[in-house]
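S.K.: This structure is in structure tokens; I'll ask about it shortly.
The values are calculated or read from the model by the stated rules, or taken from the named source; none is laboratory data. Only a predicted model underlies this, so the values are computations on that prediction, with no experimental measurement involved. Because the Cβ atoms are built from the backbone with ideal geometry, glycine has one as well, and the counts that use them run over all protein chains shown. Ligands, DNA and RNA are stripped out before the accessible areas are found, and what is left, the full protein with its side chains, is counted by its heavy atoms. Shrake-Rupley method; radii C 1.70, N 1.55, O 1.52, S 1.80 Å.
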Amino acid sequence: MSAISREEVAHLARLSRIAMTDDELDHLSSELGLILESVSKVQAVAAEDIAPTSHAIEMQNVMRPDVVVPSLTTEETLSGAPAREDDRFKVPQILGEE
Amino acid sequence: MSAELASGNVTAVELASAHYDRISAVDSDVHAFLHLDREGALAQAASVDGLRKAGERVHPLAGVPLALKDVLTQKGVPTTCGSKMLEGWRPPYDSTVVTNLKKAGVVILGKTNMDEFAMGSSTENSAYGATRNPWDLSRIPGGSGGGSSAALAAFEAPLAIGTDTGGSIRQPAAVTGTVGVKPTYGSVSRYGLVAFSSSLDQAGPCARTVLDTAMLHEVIAGYDPKDSTSINLPVGKMVEAAKKLDIKGMKVGVVKELAGDGYQAGVTTRFNEALEALVSAGAEIIEVSAPSFEYALAAYYLIAPSEASSNLARFDSMRYGIRIGDDGSRSAEEVMKMTREVGFGKEVKRRIILGTYALSSGYYDAYYGSAQKVRTLIKRDYEAAFTKVDVLVSPTCPTTAFKIGEKSDDPLAMYLNDVCTIPVNLAGIGGMSLPCGLAPEDGLPVGFQIMSPAMKDELMYQVGGVLEAALQSSWGKPLYASAPELAVK
Amino acid sequence: MALNYNQALEKYEPTLGLEVHVELNTNSKMFCGCATEFGASPNTQTCPVCLGMPGALPVVNAKAIESSIRIGLALNCSITPFSRFARKNYFYPDMPKNFQTSQYDEPICVNGYLDVTIDTDEGPKVYRVDIERVHMEEDTGKSLHVGGATGRIHGAEHSLLDYNRAGIPLVEIVTRIIPGTDKYAPEVARAYVAELRDILRSLGVSDVKMEQGSLRCDANLSISPRNSGTLGTRSETKNVNSLRSVERAVRGEIIRQANRLESGERIIQETRHFQEESGETRSGRSKEQAEDYRYFPEPDLLPILADPAWVEELRLGLPEKPSIHRKRLQESWGVPDKEMLAMINAELLDTVEETVLLGADPTKARSWWLGEISRLANEKDVLPRSLIEPTEVAEIISLIATGELTDKLARQVLEGVISGEGTARAVIEKRGLKVVSDDSALMIAIEAAISAQQETAERVRAGNIPAAGALIGAVMKATGGQADAAKVRELLLRHLGQE
């Protein structure tokens, strides 16, 4: 039994917006199961009183002044767009809107 | 090369052209490059020549050719990150690393191959085909920056830029007999570095010698206000350190947990010989223990995929990159799903799912949260060690270059390549790999890793410079001079 | 039989929660230097950072931090000593990175409150709205949905995206559940948003225009049977674009939920959209499965450690609270509560104050704005402030004070200014509306009136003072209404020997 079921992988694929094939889901379920077993050893040493590290460097209050800086041109902005209409990005219909 | 340019014996254009000739001759075998920017490179070279001719002062590296890992943006030049997702994408802006290179007049020949989105240790995960190790074309050049290291080993470029998240500069350097450095996190700007794992990624210099690497390091490092994680301190004197050639009295720590248990015999042999060379040069070897390193690999394979799953969410076909399935009948969401299924390769998808899992509610504490705590422990172990020694050392990776295809079906086996390099990224300190010989059993390069405390990268160059000199003198010539002649097409 | 509002409240009690998003008025965006101008051409204020391009990195806007802290201080919050950004991960085409850089368990401000006063059957009542948190985040791009092209069998629709708005700083203010509002839930909701808007305006951190989207309100509402001790399932209502809509939306939701429960259905936890025209809410996306946002600390940004000394400096620099300010105005103007409320409800308090600050008498300022100007505004179906500026009104009032205009003349001048004929003085010039106060000019008119009505004049001489009215009227007519009636009367009576 894998540490992570096929259904869970399917759910994660949905969350990550990847249209996986059934084959992929099966393979991933077993592969990830192995990987998860291996990486869960971190729980052994993750004691309550240890603070987590999210940044390698101890810095804080890094900010910039509220000053306007030149933007990209519209052409540059749209240069990589798979589709465009006038000066806007054209995308397929977005469902679930009001 | 710099000296030749400075003295006018050769022009930058000639130098660039010669390298393009070399690339044409060998790259169909090596496949280090994904894109060659002849126009841009020759224009840059010509401009540098013009300045030199006019008697203007230029940077010592001006006119020297360089190979750029395809994960850094270069304005107007295709940047694919080794992925189908970004096929054909030309960024509208330069990464700060590229800006710095251009300012120094370095000539960027082209973009090099890599594991897709920097995920891998063999460059087999590239959507554009694997790169081959110039030492043995049936073997991997390391990863994720295999293209850069192979380009150096095949003499297609004298300088290269790589990026290192878990060893992606150092491990390729080790298996190709070249030098690669992961600078202290925050010392080289990440602006324009397509993110894999934001808290671990760092761009770094690669070359065939320690001194060349040091020169390149000084060009690309420095504070960048566009990167919030950029350290606002002056860049250390890497070149000076590399030229010092003196480590008398320095304390060098061997990490017990990375001392070669189960590693390839030849790797351990060469590693120990290198230690002896350091002792002869006047250093003191001390054994140190870092018990938390046992958990480093596990922590990395939780943190990196987690951050990656978030960083790669932007690739949804809406604003740039490829778009699949938009025939007018599908919703945006469906098109996103189809595009990401086709645009991402196996390893990337595997890590996205793993990362999404590790961050999901109910699992966060057990996985991502715990991994971040391991990170704290690793930092503490390094801090403790550095109170006793100046630098730490280990083999760069447990084996020499393996055969292409050998580990591609076994993710866990592949991940083990990074066991020595990963702790460095988790702690954010500096790490260098330089050649310490060829393994007796297979004649393939072995890498020696030096680790220095955060913001003390010059110590790596100081020790590396001495080691390189000592070993080269014992070999009679630099290691790269032993590289096999590549069949010229 | 459908329950109406009062019937619904007989059986159920409402529980209210409000989330307000404020668009800050910083010059540049939250994480990059792009401009934040409203109404710019599409995709002209965009850069690699706010477009979420590969390799781009955020850098925090210092002014946004300052504004967020000031908002928290004005709402009596504590400023978190160690505040961090987090990624809120979900996919949507108007979100360039498909995660929003926001804050999760370390928001910049926590545990504040805002007292709001509403009118109840038992008189004015104060409700304390507890504020759970104030945090910083970034706005999304704007999408336009385009209908199907003609002739296409499948009616293909698509959407067009403009990312100018993406990355503009947003501050989210979240209340705790507001207990005990009972049937006044709609009023409390409205009063809270109104008071909050006033505070934000006084801080100068946003132009808080609900119609333009720089102030957005989401209302969370649940109901439960009276005295049941439990909480119902809540719905979230969005697209509430005015104060009036806040009130209507809450009222509408209470009615809708009550009727659902009455007919045996359960309440679905979902996002609903308020429909302006009907006052009802319509179902949007179902939130049955709460979206897993997979929050984690933003690795590209460093924590904010607000220096206590600086925070104290900001606290001392806060402007007077609107409620205190209003009290002060009320005292200094000597205005009864009812009139204050009238000005507040008409949203004219600030305008009146501006006029007073320009030198006008408070009572006069009030009566002009709430009287004649409001009347004309209602006729034209516009806001009073859009008709005329306080400077003009103040000028008209001062012209009356100096006697250059009578009230009657002033009304004409007002009308002229509103019609765009120019400033008050220009209208007076153009229309020749100045008060005739020159005694000799008036005497000519008076003598003319007397000779035209000699009998009436005799009666006045004989002591019949009221009879003078006819003569005064004649003089007023002769001077086109520009004579100062009081002056005319004085002169006339004196002339006829009746001091």
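S.K.: Accessible area lost on pairing B with C, both sides, 1.4 Å probe, Å² to nearest 100?
M.R.: Counting protein atoms only, the buried area is about 2700 Å².
S.K.: Checking buried surface per residue: for region B:394-418, which residues lose a minimum of 30 Å² accessible area in the protein assembly relative to the chain alone (1.4 Å probe)?
M.R.: Hits at the 30 Å² cut-off: B:Leu412.
S.K.: Another question, then. Might you tell me the accessible area per residue for region C:307-385, computed with a 1.4 Å probe and given in Å²?
M.R.: Result: 61 Å² of accessible area for each residue.
S.K.: For B:His35, B:His59, B:His217, give me the order by solvent-accessible area with a 1.4 Å probe, most accessible first, ignoring ligands, DNA and RNA.
M.R.: Reading off the accessible areas and sorting them downward yields B:His59, B:His35, B:His217.
S.K.: Here's a follow-up. Could you please state how large a percent of the accessible area of chain A is carbon and sulfur, counting protein chains only and using a 1.4 Å probe?
M.R.: 51
S.K.: Suppose a student asked you for the relative contact order of region B:298-436, using Cα pairs under 8 Å spaced at least 6 residues apart; what percent would you report?
M.R.: 26
S.K.: On average, how many beta carbons from a partner chain sit within 10 Å of the beta carbon of a residue in C:28-39?
M.R.: 3
S.K.: Averaged over B:226-237, how many beta carbons belonging to a partner chain fall within 10 Å of each residue's beta carbon?
M.R.: Taking the mean over all residues of the peptide, I get 4.
S.K.: Going down the table (A:Lys90/B:Lys103; B:Lys379/B:Lys407; B:Lys337/C:Lys97), which pairs top 27 Å between alpha carbons?
M.R.: Going by Cα-Cα distance, A:Lys90/B:Lys103; B:Lys379/B:Lys407 fall outside the 27 Å limit.
S.K.: Heavy atoms only, 1.4 Å probe, whole protein assembly: order B:Lys182, B:Lys103, C:Lys209 by accessible area, highest first.
M.R.: B:Lys103, C:Lys209, B:Lys182
S.K.: Might you list the cysteines of chain C that have no disulfide-compatible partner by the rule of another cysteine's Cβ under 4.7 Å?
M.R.: Here C:Cys32, C:Cys34, C:Cys47, C:Cys50, C:Cys217 come out as lacking a disulfide-compatible partner, given the Cβ-Cβ threshold of under 4.7 Å.
S.K.: Starting from the Cα of C:Lys183, draw a straight line to each of the aspartates and glutamates and keep only those under 16 Å, dropping any in the same chain fewer than 8 residues away.
M.R.: C:Glu10, C:Glu13, C:Asp119, C:Asp121, C:Glu122, C:Glu247, C:Glu253
S.K.: Continuing with this model, one more query. Please identify every one of the trypsin sites (Lys or Arg not before Pro) in region C:223-265 that sits in a loop by DSSP and has no more than 14 other beta carbons within 10 Å of its own beta carbon.
M.R.: Those satisfying the criteria are C:Arg226.
S.K.: Name the long-range amide H neighbours of C:Tyr295: under 5 Å, sequence gap of 5 or more, or other chain; modelled H, no Pro or chain starts.
M.R.: Distant-sequence amide H within range of C:Tyr295: C:Asn89.
S.K.: Give me the dipole magnitude in Debye, nearest 20, for the protein assembly as shown about the Cα centre, with unit charges on the beta carbon: positive for Lys and Arg, negative for Asp and Glu.
M.R.: Roughly 680 debye, rounded to the nearest 20.
S.K.: Let me ask another. Among the aspartates and glutamates, which fall within straight-line cross-link reach of B:Lys373, defined as a Cα-Cα distance under 12 Å, with same-chain neighbours fewer than 8 residues apart omitted?
M.R.: Of all the aspartates and glutamates, those that pass the test against B:Lys373 - Cα under 12 Å, at least 8 places apart if same chain - are A:Glu48, A:Asp49, B:Asp365.
S.K.: Still on this structure, I have one more. At 1.4 Å probe size, what's the solvent-accessible area of C:Thr402? Round to the nearest 10 Å².
M.R.: Estimated to the nearest 10 Å², C:Thr402 gives 90 Å².
S.K.: Accessible area per residue, 1.4 Å probe, Å², for chain B: what's the number?
M.R.: 30
S.K.: Most mobile of A:Leu28, A:Leu12, A:Leu72 per a Gaussian network model of chain A (Cα springs, under 10 Å)?
M.R.: Looking only at A:Leu28, A:Leu12, A:Leu72, the biggest GNM fluctuation is shown by A:Leu72.
S.K.: Still on this structure: Helix-only estimate, please: 222 nm mean residue ellipticity of chain C, summing -39500 (n - 2.57) across DSSP H runs of length 4 or more and dividing by its residues, to the nearest 500.
M.R.: When only DSSP H runs of four or more count, the value is -11500 deg cm²/dmol.
S.K.: Relative contact order for chain B: what percent, with Cα pairs under 8 Å and sequence separation of 6 or more?
M.R.: Contact order relative to length: 18 percent.
S.K.: Suppose all protein chains stay in the model; what accessible area per residue would a 1.4 Å probe give for chain A, in Å²?
M.R.: Solvent-accessible surface per residue comes out at 53 Å².
S.K.: With only Lys, Arg, Asp and Glu charged, each at its Cβ (+1 for the first two, -1 for the last two), find how big the charge dipole of chain C is about the Cα centre; round to the nearest 20 debye.
M.R.: 600
S.K.: For chain C, what relative contact order do you get, as a whole percent, if you take Cα pairs closer than 8 Å and at least 6 residues apart?
M.R.: 14
S.K.: How about region B:96-197: which GluC sites (Glu not before Pro) there lie in a loop by DSSP and see at most 15 other Cβ atoms within 10 Å?
M.R.: none
S.K.: Continuing with this model, one more query. Tell me which lysines have Cα within less than 26 Å of C:Lys364's Cα, excluding those fewer than 8 residues away on the same chain?
M.R.: C:Lys364 reaches C:Lys321, C:Lys327, C:Lys338, C:Lys380, C:Lys408, C:Lys430, C:Lys434, C:Lys487.
S.K.: At most 11 other Cβ atoms within 10 Å and a DSSP loop assignment: could you name the chymotrypsin sites (Phe, Trp or Tyr not before Pro) in region C:40-106 that fit?
M.R.: Taking region C:40-106 and a limit of 11 other Cβ atoms within 10 Å, the loop chymotrypsin sites (Phe, Trp or Tyr not before Pro) found are C:Phe82.
S.K.: Round to the nearest 10 and report in Å² the accessible area of B:Asp136, as given by a 1.4 Å probe over the protein chains' heavy atoms.
M.R.: B:Asp136 has an accessible surface of roughly 50 Å² with all protein chains in place.
S.K.: Computed on protein heavy atoms with a 1.4 Å probe, what is the summed buried accessible area for the chain pair A and C, in Å² to the nearest 100?
M.R.: 3800
S.K.: Determine how large the accessible area of B:Glu334 is when every protein chain is in place; take a 1.4 Å probe and give Å² rounded to the nearest 10.
M.R.: 90
S.K.: Placing +1 at every Lys and Arg Cβ and -1 at every Asp and Glu Cβ, with all other atoms neutral, what dipole size does chain B have around its Cα centre, in debye to the nearest 20?
M.R.: Its charge dipole is roughly 780 debye.
S.K.: Among C:Ile444, C:Ile397, C:Gly480, pick out the residue whose Cα is farthest towards the positive end of the charge dipole of region C:335-489, where Lys and Arg carry +1 and Asp and Glu carry -1 on C-beta, about the Cα centre.
M.R.: Farthest towards the positive end: C:Ile444.
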